[in-house]
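Asker: Take this structure, written in structure tokens, and hold onto it; I'll ask about it next.
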Amino acid sequence: MALNAETISQQSLPKHIAIIMDGNGRWAQARHRPRVFGHKKGVDAVRSAVQFCSKLGVKSLTLFAFSSENWRRPEDEVSTLMELFLFVLTKEVKKLHKNNVKLTIIGDLSKFPENLQQKVVDSETLTQDNTGLQLNIAANYGGRWDITNAAQQLASDVASGKLQPSDITEDAITSRLSMAEQPELDLLIRTGGDLRISNFLLWQAAYAELYFTQTLWPDFDEAAFAEAIACYVSRERRFGCTGEQIKELLASKQTELKV
């Protein structure tokens, strides 16, 4: 079977991709720079990933920016991450809006500074009617927290008489989770070499394809992303394709947009 841009586009490219963006600190340390330098370079990789998914026609992209376990890091690093998060929201949200990207922040934001919480609200409000890529940023997020939060909502509905215990189905749980209205997760990528999902999207990842790469997040460029997509397509449809063919598809889509 000939595999070209048209063939790939007719098959199941992932509609929803999630990424554990690991390796910023190690990337910086390898260059004898402070860890925060790696986090700042990681922002460039985020920008590249968003552009790549937008051009390829991916529906949802979910990025693990700050886990509930990250509070255990040194206080100065956590403080820097909060400042960087605020800076990125302030700087990037207008660009996202201009490119029709809808931004949603998932996770327990109650621990964040009030100015950051307000910036999240402002950013989501600005982009809420956009119809392009759905970009989810997981901040102070944990998969167990997500499931627990859904269970508490259901328990409250049972206690108030709105639901019967028999009404608690998989669909009912799913409807209370973060990103309930978005496509099911197809592909979960982790950069940085570790082979675990670190409490990320535990429920949503039940049937996702997992892709692990040694590439550190700041080096996860368009070519590396294309290889991950190629691996996914190969697994899903049981025929091989390459990163080059994914890039051909991307080029053809860009041509279509210019016509």
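The values are calculated or read from the model by the stated rules, or taken from the named source; none is laboratory data. Because the structure is predicted, anything quoted here is derived from the model rather than measured. So basically every Cβ, Gly included, is an ideal-geometry build from the backbone, and we count neighbours across all protein chains shown. For accessibility, only protein heavy atoms count, side chains too; no ligands or nucleic acids. Shrake-Rupley method; radii C 1.70, N 1.55, O 1.52, S 1.80 Å.
Quick grid of which residues meet (1) over 20 Å from Ser198 (Cβ atoms); (2) without any contact (Cβ under 8 Å) to a residue 12 or more places away in the chain:
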residue: Arg26; (1), (2): no, no
residue: His32; (1), (2): yes, yes
residue: Gly38; (1), (2): no, no
residue: Ala45; (1), (2): no, no
residue: Leu56; (1), (2): yes, no
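Asker: Still on this model: Just give me the residues in the stretch 47-66 being open to solvent by less than 10 Å² (accessible area, probe 1.4 Å), of a type in the set (Gly, Ala, Ser) and touching a Leu at 6+ places or on another chain (Cβ under 7 Å), in sequence order.
Answerer: Within the stretch 47-66, just Ala49 meets the criteria.
Asker: Can you name the number of the only condition in (1) surrounded by fewer than 14 Cβ atoms within 10 Å (Cβ to Cβ); (2) over 23 Å from Ile189 (Cα atoms) that Glu69 fails?
Answerer: With (1) surrounded by fewer than 14 Cβ atoms within 10 Å (Cβ to Cβ); (2) over 23 Å from Ile189 (Cα atoms) applied to Glu69, the lone miss is (2).
Asker: A further question follows. Among the residues of the stretch 155-176, are any within 27 Å of Arg72 (Cβ to Cβ) and either of a type in the set (A, V, I, L, M) or open to solvent by less than 30 Å² (accessible area, probe 1.4 Å) (or both)?
Answerer: No, the conditions are met nowhere in the stretch 155-176.
Conditions tested, residue by residue: (1) over 26 Å from Asn24 (Cβ atoms); (2) outside any helix (DSSP H, G or I); (3) open to solvent by 70 Å² or more (accessible area, probe 1.4 Å); (4) in contact with a helix residue (DSSP H, G or I) (Cβ under 8 Å, 6 or more places away or on another chain).
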{"position": "Val78", "(1), (2), (3), (4)": "no, no, no, yes"}
{"position": "Thr90", "(1), (2), (3), (4)": "no, no, yes, yes"}
{"position": "Asn136", "(1), (2), (3), (4)": "no, yes, no, no"}
{"position": "Arg144", "(1), (2), (3), (4)": "no, no, yes, no"}
{"position": "Ser178", "(1), (2), (3), (4)": "no, yes, no, yes"}
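Asker: Out of contact with any helix residue (DSSP H, G or I) (no Cβ under 8 Å at 6 or more places or on another chain), of a type in the set (A, V, I, L, M), more than 19 Å from Gln134 (Cβ to Cβ) and open to solvent by 40 Å² or more (accessible area, probe 1.4 Å), is that true of Leu195?
Answerer: The answer is yes for Leu195.
Asker: If the Cβ limit is 8 Å and pairs must be 6+ apart or interchain, which residue in the stretch 187-207 that is under 12 Å from Trp217 (Cα atoms) and among the aliphatic types (A, V, I, L, M) pairs with which residue that is assigned to a loop (DSSP other than H, G, I, E, B) and modelled with pLDDT of 95 or more?
Answerer: Close Cβ pairs (under 8 Å, with a partner that is assigned to a loop (DSSP other than H, G, I, E, B) and modelled with pLDDT of 95 or more) amount to Ile189/Thr213.
Asker: Cβ-Cβ under 6 Å, sequence separation 6+ or interchain: first residue in the stretch 84-99 and more than 18 Å from Cys53 (Cα to Cα) and modelled with pLDDT under 85, partner of a type in the set (A, V, I, L, M) and surrounded by 13 or more Cβ atoms within 10 Å (Cβ to Cβ). Which pairs?
Answerer: Leu86/Leu116; Val88/Val43
Asker: Name the residue, out of Leu188, Leu210, Leu216, that is touching a strand residue (DSSP E or B) at 6+ places or on another chain (Cβ under 7 Å) and open to solvent by 30 Å² or more (accessible area, probe 1.4 Å).
Answerer: Among Leu188, Leu210, Leu216, only Leu210 is touching a strand residue (DSSP E or B) at 6+ places or on another chain (Cβ under 7 Å) and open to solvent by 30 Å² or more (accessible area, probe 1.4 Å).
Asker: Hey, Cys241 hits all of (1) at pLDDT below 90; (2) surrounded by fewer than 18 Cβ atoms within 10 Å (Cβ to Cβ) but one; which does it fall short on?
Answerer: (2)
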